[in-house]
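Below is one structure; the comments refer to it alone.
The values are calculated or read from the model by the stated rules, or taken from the named source; none is laboratory data. The structure displayed is predicted, hence computed values, not measured ones. Because the Cβ atoms are built from the backbone with ideal geometry, glycine has one as well, and the counts that use them run over all protein chains shown.
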Amino acid sequence: MPLFPPPSCPRLVVKIGSALLVDPEGAIRRAWLEGIAADIAARHRQGQQVVVVSSGAIALGARRLKLARGGRASLEDAQAAAATGQIALSQVWAEVLGAEGITAAQMLVTLDDLEDRRRYLNASATLDRLLGLGVVPILNENDSVATEEIRFGDNDRLAARVAQAAGAQGVVLLSDIDGLYDRNPALEGAVHIPRVARIDARIEAMADRGSGSGMGSGGMVSKLEAARIANAAGAELAIASGRIDRPLSAPARHTLFEAKKAATARKAWMAGRLTAKGTIHVDAGAAKALAGGKSLLAAGATRIEGSFARGDLVLIAGPEGKPLARGLTEYPSEDAARIAGRRSEDHAALLGYAPRSTLVHRSHMALL
């Protein structure tokens, strides 16, 4: 059965990995891409809106610039390859979609564009307008300006964040593997997992960090992170192989990660953020209270890590360091450290001003 057939999924994000778009010599796999364009056109005729997250710029640029290691020998090489390859990538997308009577648009984004709330909303509005006009937006990370410290690092997580911004109900990660296995699929006896209702420690243990082609940057760990982000926003996510012709229309084995009940748009944005200014570590009692929908009180905090201001997004971690939630802090890090572990009646004397009732209020918090 095809992945996410309309009308069950009015808006779909499709991520295409580098190894599918570009052959080992660094040339576009044109015939395969024309098949993808035909699949997208068929879905358009049935009323489905499609966003494409397309890898391949670095691989394409590296060939043109004759760079070693596929353009990934250094950050500078990757940035130069991306700048060169992106123009070729956008051109071929415009051509193959144009042949199907569809207009393509290019959007290049950085991590900050989707982590900053105002810029995120701007990107969301642009995507919504393009889709309303019948355009297929083609997105990629802006690798020519991204740094090692501030970047998505792979297009799997970018696709999940784009799905949030676009209000999509489904995400398909087309890759060189047809889904999740209980162990590395190269090992004897590996079993394919067709559906995942919840990403827990057992599922996480199945992930393999390798990228099978050596051309891309994302392995199964990044795909699980993408599934977690998409599911929290109410979107189902499928990992499927693109190693067949017309993978969006041909029956294909895949792993489907089932969506949770969607959080509010603001909380989904917080849950899906990949960066935080600091971490508030909490005790077992506070962890239990958070799971029950309570706010985080200073008495439950055991340690403050990082430097942050009031209103910054922080990670909340349990006694064993496991991330529990993300939220907007009511205190700067210096004041949070002064009152950590102390009861409310002590706060005014410690701070020298009338304290706020919580470290992180439940209205400004998203559980993970």
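Within region 274-290, the set of residues being in contact with a helix residue (DSSP H, G or I) (Cβ under 7 Å, 6 or more places away or on another chain), under 20 Å from G306 (Cβ atoms) and either surrounded by fewer than 20 Cβ atoms within 10 Å (Cβ to Cβ) or among the polar types (S, T, N, Q) (or both) comprises L274, T275, G278, D283. Only a single criterion out of (1) in contact (Cβ under 8 Å) with a residue 40 or more places away in the chain; (2) in a loop (DSSP other than H, G, I, E, B); (3) over 14 Å from V282 (Cβ atoms) is not satisfied by G341, namely (3).
Residues satisfying the criterion are absent from region 343-356 (criterion: within 30 Å of R119 (Cβ to Cβ) and either β-branched (V, I, T) or in the same structural domain as G167 (by TED's automatic domain parsing) (or both)). Residues of region 344-363 that are of a type in the set (S, T, Y) and in a helix (DSSP H, G or I): S344, S363. Of the helices (runs of 4 or more DSSP H) contained entirely in region 1-109, those carrying at least 2 residues that are basic (K, R) and either in contact (Cβ under 8 Å) with a residue 60 or more places away in the chain or in contact with a Gly (Cβ under 8 Å, 6 or more places away or on another chain) (or both) fall at 30-45, 57-65. In region 291-310, the qualifying residues are those that are surrounded by 13 or more Cβ atoms within 10 Å (Cβ to Cβ) and among the small types (G, A, S), and the one that is farthest from the chain's Cα centre (by Cα) is A299. Residues that are closer than 20 Å to D283 by Cα and of a type outside the set (K, R) within region 344-363 comprise S344, E345, D346, H347, S357, T358, L359, V360, H361, listed in sequence order. Only one of the numbered conditions (1) surrounded by 15 or more Cβ atoms within 10 Å (Cβ to Cβ); (2) part of a helix (DSSP H, G or I) is violated by L324, and that is (2).
Screening region 116-131 for residues that are in contact (Cβ under 8 Å) with a residue 60 or more places away in the chain and in contact with a strand residue (DSSP E or B) (Cβ under 8 Å, 6 or more places away or on another chain) and picking the one that is nearest to L65 (Cα to Cα) gives L127.
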